[in-house]
Amino acid sequence: MTFPVLLSIDQGTTSSRAVVYDASTFAVLGAAQQEIEQHYPHDGWVEHEPEDIWYSVARTVREALAKAGHDPKSVAAVGITNQRETVVVWDRATGRPVHRAIVWQDRRTTDFCRTRAADQPALAAKTGLVLDPYFSGTKLHWLFARDSELAARAARGELACGTIDTFLIWRLTAGRAHATDATNASRTLLFNIHTLQWDDELLSYFGVPRAALPDVKPSVAEFGTTKGLDFLPDGVPIRGVAGDQQAALFGQGCFNPGEAKCTYGTGAFYLLHTGDVAVASRSKLLTTVAAMTDSRPKYALEGAVFIAGAAVQWLRDGLRLFASAADVERLAHASNPSEPVSFVPGFVGLGAPHWVPEARGVIFGLTRATTAADLGRAALEGVAFQVADLIEAAEQDARGDRSFPGGERAGTGPLRVDGGMANNDWFLQFQADALGRPVARASQSESTALGAGFLAAVGAGLTDQPALGKVVAGATHFEPKLPAAARAAKLAVWRKAVRAVVAFYAGGA
C-alpha cells in the first residue's frame, strides 16, 4: 500500500506512542506504545534519560508503520506532541545530552520559587504563568546556576536546550533544525506570550542564554525534514508540533472561543479556548498559547492537576491493590459509598488553583472497614473533584473578562474529555456528577496524538479546520445524575480536605 499516511509521535511522561493515520479519514491504521523509565534521585526530583526517550520513539515508529502495513515512504507528514515543561540540554557537536531530562513534575526548584514570590505579578504579566517548579525556566536556572561551565558553554552556543519536541526535531533532522512551537515555548517562563518572542528580561532573570534556545514557530509550520534515520526515509516533512494539552485541544475540535476539554493522562489538564484574547486569570490559572495554524496568536486558559492517572498507577504499583489500571473501575463499583474516605492525590504538589508545591498526597477518613475498593473509588473521586475546581475557576475568569466575547459561552456545553482515564465509565459518570454538567468522551480517546496528526495534515495541505470538525463529530455522553444538594455536600467535604492539606504543608498559604 502506497497511499499517503500521517505519522504522529506522542512523547509522554510515562510512555512514547506512535500512531499512523489514514490521511483522508484519520482512521488509525497502526499504533505502538512503549513505557519509559522514571528516575527519582531525591524526594521531589523526577528525571528521564533522553536516550531512552529517543530509542522509544524510534521503536514505536517502526512498530506502528509495520502494524499499519505501510512503507515508511508513504508518510506524507509527521506531527509531534510532547510532555511540555520537561527540558533537555545537549551538546550541539555530538547531539548527546549533558544531563538527564528534568521532568515537568520535578520540584527541585521549590525554594528558588518561594524566595522570589514577590516577582510573580511581573512574570505573569509577560508569560501568563505562575512562578512554580513546574515550568522549564526554573529547571534551566537550576542547571546553569549549579554548573558555571555548562552556563558558559551555553552562552557560547555550544549547547542546545529545549523541551522534548525540540530534542526530537533535532534528532529527526540530524541536527539541522533547532526549533519549537509557540505552545511549548509558552510553558517555559522565558517567552512573552503577547509578543510571541523569547524575552530578554526573562532570559536574564533565569540566567538562560538566548544562544541555547530554539527558533519559535506556529504549531503549523516547516520544522525541517527527516535525515539519516533507519526508520524513516530522508525528506519526510515535520509539519505540525504542539505541546500535549494544546494538541489535545485541537484534536478535540475545540477551535472556537468558549470550547473546552480535559485530558486525563499522568496528570489531568483542562483547557478553555479563548480565541485571540489572552484572558488574565484571577484564580491562579494559566494563560497559555493555543495551537496556531498560522502567525495569528491563539490563547487558552489552563488548569493542571499534577496527579490523575498516576494516582491509579500508585494504587497498582505502590500498594499492589490490582494488576491492571483498568481494574480500578471494578473496585470503584464495589466500594461502599458510605465509607468516608477522601483522597487528595498531591504526590508532587498541588497545581492550579492552589499552587502549593510542598504538598503531598493525603488520605482522610480511614476506618477499620476501609477496603481497597474504597481507596480506588476515593482516588478517582479526588481526580474528578480537582478538575471540578479547575473548571469553576476558569469559567469565572472567562465570564469576568469583558474583552473576551466567548466568555458567556464558557460552561454552557459538555466538557470534552479524552486520555486513558476517559475509558473508565464509572469515573466519567462521577466527573459529570461532580460538575453538574454533561461530559462527552471523544470517539478516539487519544486526542493528543490525533491533534498532532491534524496539525501535520493542515501543514501538508491535506485538510482544513472545517473538515476536521466533521472528523471529531460523535461522542459518548455522560449526563449528571447526582442531585444538586448531594453534589454540594460532596464538594464541601472535598474542599475541607484540600484546605487541611494546604494548611499542613504551606502554613495556610
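Values computed for the structure shown
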quantity: Any pair with Cβ under 8 angstrom, 6 or more apart, that starts in the range 34-60 at a residue that is without any contact (Cβ under 8 Å) to a residue 12 or more places away in the chain and farther than 17 Å from Thr266 by Cβ and ends at one that is surrounded by 14 or more Cβ atoms within 10 Å (Cβ to Cβ) and charged (D, E, K, R); calculated: Pro41/Glu47
quantity: Single residue of the range 332-368 satisfying the filter (of a type in the set (Gly, Ala, Ser) and farther than 17 Å from Ala308 by Cβ) that is surrounded by the fewest Cβ atoms within 10 Å (Cβ to Cβ); calculated: Ser338
quantity: Number of positions in the range 297-312 that are within 12 Å of the chain's Cα centre (by Cα) and aliphatic (A, V, I, L, M); calculated: 4
quantity: Conditions (1) in a helix (DSSP H, G or I); (2) surrounded by fewer than 22 Cβ atoms within 10 Å (Cβ to Cβ); number of the one not met by Phe167; calculated: (2)
quantity: Residue that is nearest to Ala248 (Cα to Cα) [pool: residues in the range 421-436 that are surrounded by fewer than 18 Cβ atoms within 10 Å (Cβ to Cβ) and touching a strand residue (DSSP E or B) at 6+ places or on another chain (Cβ under 9 Å)]; calculated: Asn423
quantity: Residues of the range 13-35 satisfying the condition of being assigned to a loop (DSSP other than H, G, I, E, B) and touching a Ser or Thr at 6+ places or on another chain (Cβ under 7 Å); calculated: Thr13, Thr14
quantity: Filter result for the condition that a residue is modelled with pLDDT under 95 and either part of a helix (DSSP H, G or I) or of a type in the set (D, E, K, R) (or both), over Asp230, Asp234; calculated: Asp230
quantity: In the range 199-226, residue farthest from the chain's Cα centre (by Cα) [restricted to those that are aromatic (Phe, Trp, Tyr) and farther than 22 Å from Thr293 by Cβ]; calculated: Tyr205
quantity: Pair list, Cβ < 7 Å and 6+ apart or interchain, from the range 324-341 residues that are closer than 12 Å to Leu375 by Cβ and free of Cβ contacts under 8 Å to residues at least 40 places away in the same chain to residues that are among the aliphatic types (A, V, I, L, M) and surrounded by 16 or more Cβ atoms within 10 Å (Cβ to Cβ); calculated: Ala334/Ala373; Val341/Ile363; Val341/Leu375; Val341/Ala378
quantity: Sole residue being surrounded by 15 or more Cβ atoms within 10 Å (Cβ to Cβ) and hydrophobic (A, V, I, L, M, F, W, C), chosen from Ala66, Ala93, Ala58, Ala27; calculated: Ala58
quantity: Qualifying position, being farther than 29 Å from Val20 by Cα, at pLDDT below 95, acidic (Asp, Glu) and surrounded by fewer than 18 Cβ atoms within 10 Å (Cβ to Cβ), among Asp106, Asp111; calculated: Asp111
quantity: Helices (runs of 4 or more DSSP H) wholly inside the range 387-488 containing at least 3 residues that are of a type outside the set (D, E, K, R), modelled with pLDDT of 90 or more and touching a helix residue (DSSP H, G or I) at 6+ places or on another chain (Cβ under 6 Å); calculated: 425-435, 447-459
quantity: Filter result for Val216 (under 16 Å from Gly162 (Cα atoms), touching a residue at least 24 places away in the same chain (Cβ under 8 Å), surrounded by 24 or more Cβ atoms within 10 Å (Cβ to Cβ) and not aromatic (Phe, Trp, Tyr)); calculated: no
quantity: Flag if Ala310 is in a loop (DSSP other than H, G, I, E, B) and either closer than 28 Å to Glu35 by Cβ or at pLDDT below 95 (or both); calculated: no
quantity: Residue match in the range 270-287 (condition: crowded, with 24+ Cβ neighbours inside 10 Å, outside any loop (DSSP other than H, G, I, E, B), touching a Pro at 6+ places or on another chain (Cβ under 8 Å) and not β-branched (Val, Ile, Thr)); calculated: yes
quantity: Only listed residue being over 29 Å from Ala359 (Cα atoms) and of a type in the set (D, E, K, R), chosen from Asp132, Asp106, Asp165; calculated: Asp165
quantity: Hits in the range 286-306 - residues which are of a type outside the set (Gly, Ala, Ser) and modelled with pLDDT under 90; calculated: Val305, Phe306
quantity: Test result for Ala290, touching a residue at least 24 places away in the same chain (Cβ under 8 Å), within 19 Å of Ile363 (Cβ to Cβ) and in contact with a Ser or Thr (Cβ under 9 Å, 6 or more places away or on another chain); calculated: no
quantity: Search result, residues across the range 223-232 that are on the phi < 0 side of the Ramachandran plot and out of contact with any Lys or Arg (no Cβ under 7 Å at 6 or more places or on another chain); calculated: Thr225, Thr226, Leu229, Asp230, Leu232
quantity: Glu329 acidic (Asp, Glu) and either crowded, with 23+ Cβ neighbours inside 10 Å or under 28 Å from Val130 (Cα atoms) (or both); calculated: no
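The values are calculated or read from the model by the stated rules, or taken from the named source; none is laboratory data. Every value quoted in this text rests on a predicted model; they were computed, and no experiment measured them. Virtual Cβ from ideal backbone geometry, glycine too; neighbours counted across all protein chains shown.
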